[in-house]
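Read-outs: derived from the displayed coordinates by stated rules, not from any lab. Quick caveat, the model's predicted, so the values are computed rather than measured. Glycine also receives a Cβ, built like all others from the backbone with ideal geometry; neighbour counts cover every protein chain displayed.
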């Protein structure tokens with residue numbers, strides 16, 4: 001039975017740290033698959049103009065394409081060339097909720113994310129994806145510093 | 001190059017309009033615009049509102065009522081049968097998680113509502129009760145409930161027959177379902193009827209979706225800052241609308257789209273507060289509404305007058321049967337067009353049954369309509385309108401009603417009216433544009449031409465008087481319903497087939513709720 005590790009990527013430095021940790025764990029575990037997940041923040045309850053609605057499908061495709069090309073594909077290529085077993089996907093929604101639901105559906109062993117270095121008023125006001133994930137996840141979560 | 005030429009022409013024409021207006025006396029510009037406008041549109045208004053022979057009942061009102069009644073019976077009171085399922089759809093219970101990132105049912109509903117919730121709910125209702133008395137409210141609610149079935153029919157067809165282009169964008173609405181649906185069913189004349197709808201839709205977008213909004217926004221601003229010529233508001237509004245629809249400055253539209261729902265909630269909350277403050281009068285107000293609905297309580301035209309006003313303003317406010325919402329809803333990518341119809345039937349409910357009724361109740365219970373204490377009948381002025389406490393009408397009447405209980409409210413209302421007017425204009429500029437591109441083809445130059453015409457009408461709307469503007473706005477929007485409802489009669493069996501299939505699959509469990517939470 002393969003162990004699955006979910007890694008939340010966001011195309012920035014914390015994402016890379018999470019991935020590094022996943023690689024270490026993968027080596028230790030042995031039979032392991034790394035599942036890369038890039039989430040585009042999106043809410044079905046936001047307000048849009050009629051024109052934005054008409055363009056939405058096209059924009060969604062573009063968003064997925066851009067994220068796949070810029071973040072997922074390079075990361076997957078690097079993992080594969082290093083001999084890791086890995087998959088990647090780009091999804092829309094609430095980052096914490098999506099990471100958790102992917103982990104549950106894939107029967108993953110754990111979710112790995114990295115803490116962003118941002119702090120202060122904004123982080124306190126809006127909370128962070130990491131904090132929400134830790135509070136609500138139904139599988140173990142590793143937060144990399 | 002051509003695009004630049006058109007923009008520079010538009011700017012030059014706006015500047016020359018501005019210069020010529022300075023040369024003339026301020027009030028005479030408004031007057032000239034007003035006279036020219038009445039002269040140009042009078043015949044059209046007369047045609048649309050022509051009374052049935054031997055009565056004072058406009059045939060077009062009967063047309064809408066009959067349409068809504070037919071759809072209500074044909075679909076077995078779908079608006080009451082399916083409302084719980086509609087709410088579940090909006091909540092996202094049936095949304096496939098794999099479709100995340102597409103337009104949700106909630107977003108389609110919110111977008112369509114931002115095009116309808118607006119001045120119709122604030123100014124339109126005031127016009128209805130000041131001409132038709134409190135009884136107009138009863139007919140308005142009834143029209144709202146029946147209109148839910150019309151909306152259901154048109155929005156289902158809007159999604160089913162929309163055009164999807166290779167680049168992923170979509171265009172939909174009555175012009176597409178009439179032309180494609182008629183062809184599919186082998187009914188002749190689809191192209192002509194679709195073209196007729198598109199022409200009326202362009203007029204509607206320039207009238208109710210534009211001039212009426214600009215006009216009432218100006219009335220509201222000048223009631224706060226003092227009287228000044230309407231063309232000034234017109235030019236400022238036109239420039240902002242131009243920046244958004246031509247300049248593509250999304251930030252203005254985005255900000256408005258976020259504030260408008262908040263203003264809507266604030267408006268309903270304020271109305272509720274006033275109703276609760278006068279809870280002892282609510283029973284009396286409903287009595288006035290019911291008695292007025294069947295007797296007229298002294299208003300011009302008796303109960304028929306109340307009925308005409310109620311139905312007219314409901315249709316103007318929620319646009320059921322008009323076809324505009326079908327354009328807004330067609331952007332949703334759903335495997336089941338019927339789900340979009342089921343979601344859209346909530347619009348007339350929210351818009352008319354809830355929000356319009358609140359406005360009417362506030363006007364009635366705050367005692368804005370004067371009556372003879374001896375007979376209990378309303379006092380009607382020479383212009384056929386009930387004499388109001390401070391002589392105001394339209395949005396000023398609603399403002400006076402709210403300020404009699406909450407003195408600071410006119411300021412909030414002024415902001416709300418301006419924002420509502422703006423968001424309705426942006427929505428209608430899209431509806432008009434879709435009709436325009438249907439007639440003249442997709443393309444940057446064709447689009448730009450329409451957008452510039454749209455901006456010029458903002459100035460005309462702000463400068464003209466309420467009377468001619470409201471007449472033309474009503475006439476243009478109702479004219480859309482003429483073509484649209486004929487189309488719906490021919491295409492309703494298609495909707496019925498979709499509905500029967502969907503409902504049986506829902507019952508059998510083939511269509512399941514998704515565990516999104």
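What FRET efficiency comes out for residue B:412 versus residue B:167 if R0 is 41 angstrom and r is the Cβ-Cβ distance? Round to the nearest 0.05.
Values: r = 42 Å, r/R0 = 1.03.
After rounding, the FRET efficiency stands at 0.45.
Antiparallel DSSP bridges in the protein assembly as shown: what percent, to the nearest 5? It would help to have the intermediate numbers written out before the result.
Details: 6 of 30 bridges.
Bridges in the protein assembly as shown that DSSP calls antiparallel: roughly 20 percent.
How far, in nm, would the chain grow between residue A:136 and residue A:105 when pulled straight, counting 0.36 nm per residue and subtracting the alpha carbon separation?
Values: separation 31, 0.36 × 31 = 11.16 nm, distance 1.54 nm.
Between residue A:136 and residue A:105, full extension yields an extra 9.6 nm.
Would you please put A:106-113, B:377-384 in order of how densely packed they are, using the mean number of other Cβ atoms within 10 angstrom per residue and starting with the highest?
A:106-113, B:377-384
I want to check the label-to-label distance for residue B:374 and residue B:444. Put each point 7 Å from Cα in the C-beta direction and report it in nm to one decimal.
Each label point is offset 7 Å from its Cα along the Cβ direction, giving 7.3 nm.
If neighbour count is taken as other Cβ atoms inside 10 Å, put B:177, A:45, B:430 in order from fewest to most.
By the 10 Å Cβ count, ascending: A:45, B:430, B:177.
Where the centre of each part is set by its Cα atoms, how far does the stretch B:273-349 sit from the stretch B:370-386, in angstrom?
24 Å
Roughly what angle does helix A:13-29 make with the longest principal axis of chain A, taking Cα atoms, 0 to 90 degrees, to the nearest 10?
The two axes meet at around 30 degrees.
What order do you get for B:60-66, B:458-464, B:436-442 when each peptide is scored by the mean count of other beta carbon atoms within 10 Å, highest first?
Put in order of decreasing packing, that is B:458-464, B:60-66, B:436-442.
On a 0 to 90 degree scale, rounded to 10, what angle separates helix A:50-67 from the longest Cα axis of chain A?
Helix A:50-67 and the main axis of chain A meet at about 20 degrees.
Please compute, for peptide B:429-439, the average count of beta-carbon atoms on other protein chains lying within 10 Å of each residue's beta-carbon.
1
How much length, in nm to one decimal, is gained on full extension between residue B:252 and residue B:266, taken as 0.36 nm per residue of separation minus their Cα-Cα distance?
3.0 nm
Please give the residues of the stretch B:476-511, grouped as numeric ranges, whose backbone N is less than 18 Å from a label point set 7 Å along the Cα-to-Cβ vector of residue B:184.
The answer is B:484-503, whose backbone nitrogens lie closer than 18 Å to the label point.
May I ask you to compute the full-extension gain from residue B:504 to residue B:383, defined as 0.36 nm times their residue separation minus their alpha-carbon distance, rounded to one decimal in nm?
Extending this stretch completely gives an extra 38.1 nm.
Between the stretch B:202-262 and the stretch B:455-469, what is the separation of their alpha carbon centroids in Å?
11 Å
Calculate the translational D of the stretch B:429-479 in whole µm² s⁻¹ from Stokes-Einstein, where the hydrodynamic radius comes from the Kirkwood formula applied to all Cα pairs, the temperature is 20 °C and the viscosity 1.002 mPa s.
177 µm²/s
I need the per residue convex hull volume for the stretch B:415-517, using only the alpha carbons, in cubic angstrom as a whole number. Before the final figure, lay out each step's value.
Details: hull volume 22.3 nm³, N = 103.
Given the Cα convex hull of the stretch B:415-517, per-residue volume reads 217 Å³.
For every helix of n ≥ 4 consecutive DSSP H residues, a contribution of -39,500 (n - 2.57) applies; sum these over the protein assembly as shown, divide by its total residues, and give [θ] at 222 nm rounded to the nearest 500 deg cm²/dmol.
About -22000 deg cm²/dmol.
Rounded to the nearest 10 degrees, what's the angle between the helix A:95-105 long axis and the longest principal axis of chain A, both from Cα atoms, 0 to 90?
It is inclined by approximately 50 degrees.
What's the Cα-based Rg to Rh of chain B, Rh via Kirkwood? Each step should come with its number before you reach the end.
On the way: Rg = 22.4 Å, Rh = 23.3 Å.
Rg/Rh for chain B comes to 0.96.
Quick one: if the Förster radius is 30 Å, what FRET efficiency do residue A:62 and residue A:87 give, using the C-beta to C-beta distance and rounding to 0.05?
Details: r = 22 Å, r/R0 = 0.74.
Using R0 = 30 Å, I get an efficiency of 0.85.
Say we join alpha carbon atoms closer than 10 Å with springs in a Gaussian network model of chain A; which of A:81, A:46, A:26 then has the biggest fluctuation?
Per the Cα network of chain A with a 10 Å cutoff, A:46 tops the list.
With N denoting the number of residues in the protein assembly as shown, provide Rg(C-alpha) divided by 2.2 N^0.38 Å, to two decimal places.
1.06
What does the highest-first list of B:486-492, B:46-52 look like by mean Cβ count within 10 Å? Walk me through the numbers before you get to the answer.
Numbers: B:486-492: 20.7, B:46-52: 13.9.
Those peptides, ordered most packed to least, come out B:486-492, B:46-52.
Provide the FRET efficiency to the nearest 0.05 for the residue B:191-residue B:390 pair, computing r from the beta carbons and using R0 = 56 Å.
0.60
Take peptide B:327-340, look around each residue's Cβ out to 10 angstrom, count Cβ atoms belonging to other protein chains, and average those counts.
2
Calculate, axis by axis, the spread of Cα positions in chain A along the three principal axes, and write the results as whole Å, longest axis first.
Answer, in whole Å and largest first: 51, 33, 27 Å.
If each of residue B:225 and residue B:98 carries a label point 7 Å out from its Cα toward its Cβ, how far apart are those two points in nm?
With each label point 7 Å from Cα toward Cβ, the separation is 5.5 nm.
Over chain B, what relative contact order in percent results from Cα pairs under 8 Å that are six or more residues apart?
33 percent
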